[in-house]
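Report on the following structure.
The values are calculated or read from the model by the stated rules, or taken from the named source; none is laboratory data. Every value quoted in this text rests on a predicted model; they were computed, and no experiment measured them. Methodologically, a virtual Cβ is constructed for each residue, glycine included, from the backbone with ideal geometry; neighbour enumeration extends over all protein chains shown. Note: accessible area is taken over every heavy atom of the protein model, side chains too, but ligands, DNA and RNA are not part of it. Shrake-Rupley method; radii C 1.70, N 1.55, O 1.52, S 1.80 Å.
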Amino acid sequence: MEFVIKISQFLLSLSLLIVLHELGHFIPAKLFKTRVEKFYLFFDVKFSLFKKKIGETVYGIGWLPLGGYVKISGMIDESMDTEQMAQPAQPWEFRSKPTWQRLIIMLGGVSVNFVLALIIYIFMAYGYGDEDISAASIKDGYWVENPLLIDLGFKTGDKVVAVGGVKVVNESDIKSNFLAAKSITIERDGVEKTIDLPQDFLGQLSTSKDRSLFELRVPFMVGQVIDSSKNKSVDLKQRDVITAVNGNEIKYFDQFSTVLASLKGQTVTVTVLRDNETLSRELYVDKNGKLGIFPANSPRRFSELGYFDIVKKEYSFAESFGVGYDKFIGQITSYFGQLKLIFSPSTGAYKGVGGFKAIFDIFPDTWSWQAFWSITAFLSIMLAVLNLLPIPALDGGHVMFLLYEMISGRKPGDKFMEYAQMVGFFILIALVLFANGNDIFKAIFN
């Protein structure tokens, strides 16, 4: 069921972004009386799942979910329709239109993606507000279990003071500033200490089995008892909190592994907090030092129990425009920063580049409209930025040649454009293979 929910969100988001991106090309093309021969969601290699001709345009759905396209008459694009280009130019063709009109048509897709992301951030600010965890309210630091971080000198209980020189005010500040960080400042036993990160830390993190950073320390809340567990018949309910073992209080989930390791194969008495009632239960610890219980995650309940404070801000409709715009600009800046790191081999960040599986994995396995729209806004920005790269076959490549034409007054020859399109196509194939190859490598070896 979790897979169905994840794939449904993935395909809905991808379809929405593709259709709106292609509409960004389609609408100005029609406004400038340029013929659009095809409008497709996904690629129709050899055959289509659905197609219908309305007017001069065939609308359809392909079977290969790697993107979508509009085929505009008289344009050298991925269709490589050289026969049409060999005929005399017609007034309704892309190549016959003024340069400024062609530029608007080519920028239409990325423009829609940017506008969509901005609109989503504005309405999310208004509908959901902002919710975060106050860093100052985290009393006993963070849980550190990643061997990479441990080897650098971090340990459980450290309080993160600053990431890359930026003060941590809320818990989300850690991850949002981590990519560009060269050092982390922590507080341990009341003393501040700055630990430098190696230049290729992102590469090491990307290829490691454990990609966790500084995780919140939370109690052991019952999520689900595994069917094969001997504790399946014990009266435990979701959201029960295990607070003690054999009378010894255990505050955090990360402390259980150490305690249970010395109790393998034994039956223990645990104290359970259910709502406001304290109960006692007998549980069996298996040979691996486990209880056979998946933990649950409920930040609001953890906050009620005093583990940290949740900070929530609500915005009026007018305020949402400013907040949404700031998030929009911040996300664009962050993504350009990520690209800079990826194209800097010394950082090793290129090892973290992922394809469709990586995108699929960021969607939650429970349906959440808030998460869906947040991820869709990010993917919309990602799609826009990547399409602006000056690679032939991408929108950015077409824009690059149009700007050259506007500045020089000379139009690149059709043969040159055909060769450039082929080179760009091979570059894109290489990038797609690299990104999805990374996904496969990680799935096999991590």
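Some points to look at:
- Selection status of residue 330, at positive phi and either in a loop (DSSP other than H, G, I, E, B) or in contact with a helix residue (DSSP H, G or I) (Cβ under 9 Å, 6 or more places away or on another chain) (or both): no
- Those residues of segment 137-152 which are within 20 Å of residue 181 (Cα to Cα) and not hydroxyl-bearing (Ser, Thr, Tyr), in sequence order: 141, 143, 144, 145, 146, 147, 148, 149, 150, 151, 152
- Residue in segment 433-444 that is basic (Lys, Arg) and modelled with pLDDT of 85 or more present: no
- Segment 152-167: number of residues that are open to solvent by less than 10 Å² (accessible area, probe 1.4 Å) and farther than 22 Å from residue 254 by Cα: 1
- In segment 380-425, the residues that are open to solvent by less than 70 Å² (accessible area, probe 1.4 Å), farther than 30 Å from residue 10 by Cβ and not in a loop (DSSP other than H, G, I, E, B): 401, 402, 405, 408, 414, 417, 418, 420
- The single residue among 126, 121 that is touching a residue at least 40 places away in the same chain (Cβ under 8 Å), over 30 Å from residue 407 (Cβ atoms), in a helix (DSSP H, G or I) and open to solvent by 30 Å² or more (accessible area, probe 1.4 Å) turns out to be 126.
- Qualifying residues in segment 205-262 (those that are assigned to a strand (DSSP E or B), open to solvent by 60 Å² or more (accessible area, probe 1.4 Å) and free of Cβ contacts under 8 Å to residues at least 40 places away in the same chain) - the one farthest from residue 276 (Cα to Cα): 248
- Among the residues of segment 309-331, those that are under 24 Å from residue 10 (Cα atoms) and open to solvent by less than 30 Å² (accessible area, probe 1.4 Å) comprise 324, 328.
- Matching residues, segment 181-201, being farther than 23 Å from residue 147 by Cβ and either open to solvent by 70 Å² or more (accessible area, probe 1.4 Å) or touching a helix residue (DSSP H, G or I) at 6+ places or on another chain (Cβ under 8 Å) (or both): 191, 192
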